[in-house]
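Here the structure is laid out as structure tokens; the discussion comes afterwards.
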Amino acid sequence: METRTMTINMGPQHPATHGVLRIQLELDGETVVKADPIIGYLHTGIEKTAESKHYYKAIPLTDRMDYLAPMSNNLGFCLAVEKLLGIEIPAKAQWARVCLTELTRLNSHLVWIGTHALDIGAMSMLLYAFREREKILGIYELVSGQRMMSTYFRLGGLAEDLPVDFEEKMRDILEDFPSKFNEYEDLLTNNPIWRNRTIGVAKISPEDAISCGFTGPLLRACGMKHDLRKANPYSSYEKFDFDIPTNDGCDVYARYLVRLEEMRQSLRIIRQTLDGMPEGLYRAHAPGIVLPPKEKVLTEMESLIFHFKIITEGIHPPVGEVYQGIEGPKGELGFYIVSDGGPYPYRMRVRPPCFVHTVALKKLCQGGLVADVIAAIGSIDIVLGEVDR
Amino acid sequence: MGLEEKIPDGILLTSVDKMVNWARKSSLWPLGFGLACCAIEMMSTFGPRFDLARFGMEVMRASPRQADLMIVSGRVSNKMAPVLKRLYDQMPSPKWVIAMGACASSGGVFNNYAILQGVDKILPVDVYVPGCPPRPEQLIDGIVKLQEKIKTESVKKPA
Amino acid sequence: MTVTHDNIETKLREAFGDSILEVLHFRDELTFIISKEFLIGIVEFLRDEPEFAYTFLTDLTATDWPDREQRHEVVYLLYSFDSHTYVRLKVRLKEGEKISSLCGIWDIANWFEREVYDLFGVEFEGHPDLTRILTPDGFEGHPLRKDFPLTYEVPQFTYNIDDPPEVID
């Protein structure tokens, strides 16, 4: 008797695909013979839109790519354009950026753990993760006024100075979160159901990982100790003391452990930034390139003229191209900007970590069961806004 | 009219419209349909702080055949539009649509070749909730307005 | 020996001579403009030389310069885990010219090249499945080319001076 494989469509609308990902599965019973991810259902044309906007006006577009870690995207874009312009950022702005970017990493990892656990079956984790996340969104609202798409970083530094009760509220978070992370670990790490569903699932060898372009927690879960914050430091990360967690498991459980430890290291970095936050300017002083602070615009004539010229005509960076990669929560997020001297970026290319990791789904799902496909998608921490841009 | 004095306790008199509308508005079941950033705010609204289950939306149904409210949360690209229409057609009547966010209402920040400029080009929308993304309180306000709208419907004219 | 821009440039010119058309230095970044026939040779040289070890393909993209005769410029960005440095290779192509695919060397080149084909129209020889990936099936044109319009929809404002909308209380 001849048996045929069955082709099933795990469509764009699915409770466990974290967005509009479509996977075509070829099944032999319950085993996956072939898995083919199809993307493009959220293609927004951000790269094309950015070519028609001034450098300052393109910052809100970058928020909406990886919408779980909006400040990371802002940081990547601002660092790339600042590298192109060749301006120095003051120390206070750099430390504040580090503090908020690590908070953003926490934000992203909390949503990851909530939705990943929900897919595998631990429904209460979603509620706990979102409860913690509300505090982080409170900080975003405090600094910028918006809960999610904060657009708080500007070329040259920050949009506004840090508010007076910033440190107090951040220290509340630092006191509160460690015990909550211990709670998550109690719930999941030694839980036999969690271990059965994640150990040995979606394994990939380190050589395949490099060939598939893995970066970030996925590469660290294969044993490679590589983190752009230590290898190519940016925005004064070299001044902070933190560890890079790795694990040799190469499976879903290893990725879970790596990310959980990363959350704790982020808290460590945040504590160091709060303890030693320098005084000074929150935005670089570079007339003609960087927007002057609002207080000066309302009182000094020169600042008013520069503000007017920058907003209406735009800035004119030198001709050339730069690439700036940062260690985002999902992996290496890179911005490649080509400038032809005009006020609009000639080409803004985003190197999306989630796009690169989605390709590996073909290898990760092969030979596993259908339920393992769900675990694999969760472990990749996919955000479709970044895959499709 | 004196009739209420003659009937025993525990009986209410009302019209069929009011009964049916009250039942429908208090147990709207949304379809689990999140596209982009607004979906995360929708998940927050279902989360522990802005609990949406107290408005009757206890479960979020994954299958369109069992849902009666579609909250289009996020930007609709041209590739996704036929899928959206198909899902809407699969939902049984009575059904309602909330366009959540600026991108679903009118295209939002993105005015280009890839994004449908407003989901009302392909679906009939009942309530538009603006914002990028709208706060959970705004979404709850939109849902309450939808409930007010359902109160004014009539069984004689199907939705 | 530490990897510096000069080392890489000298070694590459020794091995490949005329196929290195131009070298650019800008803001501490090194870019080589190479001719397309030697792409795979140069990439394998950079990957296999033990002191360079550029084993990681970070990015593969393209830029469109419609005013030039060679309008497409395909950009490859390589990274080395040992020396923590990037190197950028650029290949210039005329419209309709094909370039060899890197799918045999890195798995991720598969989707990167599909995206470049979709958005720019550059074709890659030896690619197993060169189809559209981001735009809908049946989409005509290549969106990120400069002559493809943004397709901006002008907002329809109506100034209801003569016919004001009804106010519903």
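Among what's in the stretch A:203-226 and is in contact with an Asp or Glu (Cβ under 6 Å, 6 or more places away or on another chain) and crowded, with 20+ Cβ neighbours inside 10 Å, pick the residue that is nearest to A:G331 (Cα to Cα).
A:T215
Considering every residue within the stretch A:240-258, establish whether at least one is of a type outside the set (F, W, Y), in a helix (DSSP H, G or I) and surrounded by fewer than 18 Cβ atoms within 10 Å (Cβ to Cβ).
Step one: filter the stretch A:240-258 for residues of a type outside the set (F, W, Y), giving A:241, A:243-252, A:254-255, A:257-258.
Subsequent filtering for residues that are in a helix (DSSP H, G or I) retains A:252, A:254-255, A:257-258.
Restricting the remaining residues to those that are surrounded by fewer than 18 Cβ atoms within 10 Å (Cβ to Cβ) gives none.
For the stretch A:240-258, residues of a type outside the set (F, W, Y), in a helix (DSSP H, G or I) and surrounded by fewer than 18 Cβ atoms within 10 Å (Cβ to Cβ): absent.
Inspect the stretch A:165-172 for any residue being among the aliphatic types (A, V, I, L, M), farther than 30 Å from B:P134 by Cβ and part of a helix (DSSP H, G or I) and give the result as yes or no. Explain how you work it out, then say what you get.
Initially, the stretch A:165-172 is screened for residues among the aliphatic types (A, V, I, L, M), giving A:170.
Narrowing further to those that are farther than 30 Å from B:P134 by Cβ: none.
No, the stretch A:165-172 contains no residue that is among the aliphatic types (A, V, I, L, M), farther than 30 Å from B:P134 by Cβ and part of a helix (DSSP H, G or I).
Which one of these does B:P124 not meet: (1) closer than 14 Å to B:L69 by Cβ; (2) surrounded by 13 or more Cβ atoms within 10 Å (Cβ to Cβ); (3) not charged (D, E, K, R)?
So the condition that B:P124 fails would be (2).
Please work out which one of (1) within 14 Å of chain C (Cβ to nearest Cβ); (2) surrounded by fewer than 21 Cβ atoms within 10 Å (Cβ to Cβ); (3) of a type in the set (A, V, I, L, M) is the condition B:A114 fails and give its number.
(2) is the only condition that B:A114 fails.
For B:K85, which of the numbered conditions (1) touching a helix residue (DSSP H, G or I) at 6+ places or on another chain (Cβ under 6 Å); (2) more than 11 Å from chain A (Cβ to nearest Cβ); (3) at pLDDT 90 or above fails to hold?
Checking B:K85 against (1) touching a helix residue (DSSP H, G or I) at 6+ places or on another chain (Cβ under 6 Å); (2) more than 11 Å from chain A (Cβ to nearest Cβ); (3) at pLDDT 90 or above, the one that fails is (1).
Do any helices (runs of 4 or more DSSP H) lying entirely in the stretch B:1-55 carry at least 1 residues that are surrounded by 10 or more Cβ atoms within 10 Å (Cβ to Cβ), and which ones are they? Don't jump to the end; show me each part of the working.
Numbers: elements: B:3-6, B:16-26, B:37-46.
The helices (runs of 4 or more DSSP H) meeting that bar are B:16-26, B:37-46.
Going by the structure shown, is A:E132 of a type in the set (D, E), more than 30 Å from C:W106 (Cβ to Cβ), within 14 Å of chain B (Cβ to nearest Cβ) and touching a residue at least 40 places away in the same chain (Cβ under 8 Å)?
Yes; evaluated as a whole, the condition is true for this residue.
Can you name the residue in the stretch C:31-53 that is away from chain A (no Cβ under 11 Å) and either at pLDDT 90 or above or in a strand (DSSP E or B) (or both) and, of all such residues, is farthest from C:L21 (Cα to Cα)?
C:F32
Would you kindly identify the helices (runs of 4 or more DSSP H) lying entirely within the stretch A:324-389 that contain at least 3 residues that are within 12 Å of chain C (Cβ to nearest Cβ) and more than 20 Å from C:D107 (Cα to Cα)?
none
Just one of the numbered conditions (1) surrounded by fewer than 24 Cβ atoms within 10 Å (Cβ to Cβ); (2) away from chain C (no Cβ under 13 Å); (3) touching a Leu at 6+ places or on another chain (Cβ under 6 Å) is not true of B:G74; which one?
Just one mismatch for B:G74, condition (1).
Can you find a residue in the stretch A:97-106 that is under 24 Å from A:G276 (Cα atoms), within 14 Å of the chain's Cα centre (by Cα), within 14 Å of chain B (Cβ to nearest Cβ) and touching a residue at least 40 places away in the same chain (Cβ under 8 Å)?
yes
Out of the stretch A:135-170, which residues are farther than 26 Å from A:A80 by Cα, more than 12 Å from chain B (Cβ to nearest Cβ) and of a type outside the set (V, I, T)?
Those that are farther than 26 Å from A:A80 by Cα, more than 12 Å from chain B (Cβ to nearest Cβ) and of a type outside the set (V, I, T): A:L142, A:P163, A:D165, A:F166, A:E167, A:E168, A:K169, A:M170.
Can you name every residue in the stretch B:88-111 that is of a type outside the set (V, I, T), more than 14 Å from chain C (Cβ to nearest Cβ) and either crowded, with 17+ Cβ neighbours inside 10 Å or assigned to a strand (DSSP E or B) (or both)? Walk me through how you get there before you give the answer.
Taking the stretch B:88-111 first, the residues of a type outside the set (V, I, T) are B:88-96, B:99-108, B:110-111.
Next cut, more than 14 Å from chain C (Cβ to nearest Cβ) only: B:88-96, B:99-101, B:104.
Of everything in the stretch B:88-111, those that are of a type outside the set (V, I, T), more than 14 Å from chain C (Cβ to nearest Cβ) and either crowded, with 17+ Cβ neighbours inside 10 Å or assigned to a strand (DSSP E or B) (or both) turn out to be B:Y88, B:M91, B:K95, B:W96, B:A99, B:M100, B:G101, B:A104.
With the requirement that a residue be part of a helix (DSSP H, G or I) and either free of Cβ contacts under 8 Å to residues at least 60 places away in the same chain or crowded, with 18+ Cβ neighbours inside 10 Å (or both), what does the stretch A:188-202 give you?
A:L188, A:P192, A:W194, A:R195, A:N196, A:R197, A:T198
Go through the stretch A:308-323 residue by residue and tally those that are under 30 Å from A:T104 (Cα atoms) and either away from every other protein chain (no Cβ under 14 Å) or surrounded by fewer than 17 Cβ atoms within 10 Å (Cβ to Cβ) (or both).
Here the count works out to 4.
Across the stretch B:36-68, what is the total count of residues that are touching a helix residue (DSSP H, G or I) at 6+ places or on another chain (Cβ under 8 Å) and of a type in the set (A, V, I, L, M)?
So the answer is 8.
Run down C:R88, C:R71, C:R92 and say which single residue is basic (K, R) and either at positive phi or within 12 Å of another protein chain (Cβ to nearest Cβ) (or both). Talk me through it step by step, then tell me what you get.
Working: C:R71 fails: either at positive phi or within 12 Å of another protein chain (Cβ to nearest Cβ) (or both); C:R92 fails: either at positive phi or within 12 Å of another protein chain (Cβ to nearest Cβ) (or both).
Of C:R88, C:R71, C:R92, the one residue that is basic (K, R) and either at positive phi or within 12 Å of another protein chain (Cβ to nearest Cβ) (or both) is C:R88.
From the residues in the stretch A:310-323 that are outside any loop (DSSP other than H, G, I, E, B) and among the hydrophobic types (A, V, I, L, M, F, W, C), which one is farthest from A:Y344 (Cα to Cα)?
Ranking the candidates gives A:V322 first.
If I go through the stretch A:288-309 residue by residue, how many of them are within 15 Å of A:Y56 (Cα to Cα) and part of a loop (DSSP other than H, G, I, E, B)?
Selection size over the stretch A:288-309: 6.
Please go through (1) assigned to a loop (DSSP other than H, G, I, E, B); (2) at the interface with chain A (Cβ under 9 Å from one of its Cβ atoms); (3) closer than 30 Å to B:V76 by Cα; (4) touching a helix residue (DSSP H, G or I) at 6+ places or on another chain (Cβ under 7 Å) for C:I105 and return the number of the only condition it doesn't satisfy.
(3)
Give the residues of the stretch A:33-66 that are more than 8 Å from every other protein chain (Cβ to nearest Cβ) and not in a loop (DSSP other than H, G, I, E, B), sorted by residue number.
Correct list: A:V33, A:K34, A:A35, A:D36, A:P37, A:I38, A:A50, A:I59, A:T62, A:D63.
The values are calculated or read from the model by the stated rules, or taken from the named source; none is laboratory data. Just so it is clear, the structure is predicted and the values come from calculations on it, not from any experiment. Positions of Cβ are backbone-derived with ideal geometry, glycine not excepted, and every protein chain shown enters the neighbour counts.
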